[in-house]
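The values are calculated or read from the model by the stated rules, or taken from the named source; none is laboratory data. Because the structure is predicted, anything quoted here is derived from the model rather than measured. Counting neighbours? That spans all protein chains shown, and the Cβs are built from the backbone with ideal geometry, glycine included. These accessible areas exclude ligands, DNA and RNA; they are computed on the full protein's heavy atoms, side chains included. Shrake-Rupley method; radii C 1.70, N 1.55, O 1.52, S 1.80 Å.
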Amino acid sequence: GTASSDGTARLWNRESGEQIHVLNGHGGRAVRSISFSPDGAVVGTAGNDGTARLWSVGSGQQTAVLTGHDRAVTSLSFSNDGKLVATASCDRTAR
């Protein structure tokens, strides 16, 4: 997957290079980071809108919005079992 300053993240077919999904949800603000869950079923995005978002890889649909940061979310990571997500932000906090 790729993250972009145009406010989208994109999922691609690794073998064909074809775009599978365009993930829109950060209100046109830059997407800073993208990360896949360990099982590959969920992708998380971190954005300048101060949120992290979870998406279904299969459908490209947003499944959750994680709020609580006061500034841009710069990164996110899934736990090894995929049950937890950690985020880091320009507000100098991790959640």
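Count the net charge of all other residues whose Cβ sits under 14 Å from the Cβ of Gly68, scoring Lys and Arg as +1 and Asp and Glu as -1. Could the numbers behind the result be given before it?
Values: positive: Arg53, Arg71, Arg92, Arg95; negative: Asp49, Asp70, Asp91.
Result for the neighbourhood of Gly68: +1.
Between the stretch 1-67 and the stretch 75-95, the alpha-carbon centres lie 15 Å apart. How far apart, in nm, are two points set 7 Å out from the Cα along the Cα-to-Cβ line at Arg71 and at Asp6? Each label point is offset 7 Å from its Cα along the Cβ direction, giving 2.8 nm.
At 0.36 nm per residue, and after removing the present C-alpha to C-alpha distance, how many nm does the segment from Thr63 to Glu15 gain when stretched out fully?
Values: separation 48, 0.36 × 48 = 17.28 nm, distance 2.62 nm.
Stretched fully, the Thr63-Glu15 segment lengthens by 14.7 nm.
What shape does the stretch 14-69 have by the C-alpha gyration tensor, where a ≥ b ≥ c are the square roots of the eigenvalues, rounded means a/c under 1.5, and otherwise prolate means a/b greater than b/c and oblate the rest? Prolate. Just want the answer: with Cβ charges of +1 for Lys and Arg and -1 for Asp and Glu, which residue in Gln19, Leu66, Gly40 is farthest toward the dipole's positive end in the chain? Ranked along the dipole, the leading option is Leu66.
Share of carbon and sulfur in the accessible area of the chain stands at 45%, probe radius 1.4 Å.
Taking the Cα centre of the chain as origin, work out the dipole magnitude from +1 charges on Lys and Arg Cβ and -1 charges on Asp and Glu Cβ, in debye rounded to 20. Mind showing how you got there, number by number?
Details: 9 positive and 8 negative charges, 46 e Å.
Rounded to the nearest 20 debye, it is 220 debye.
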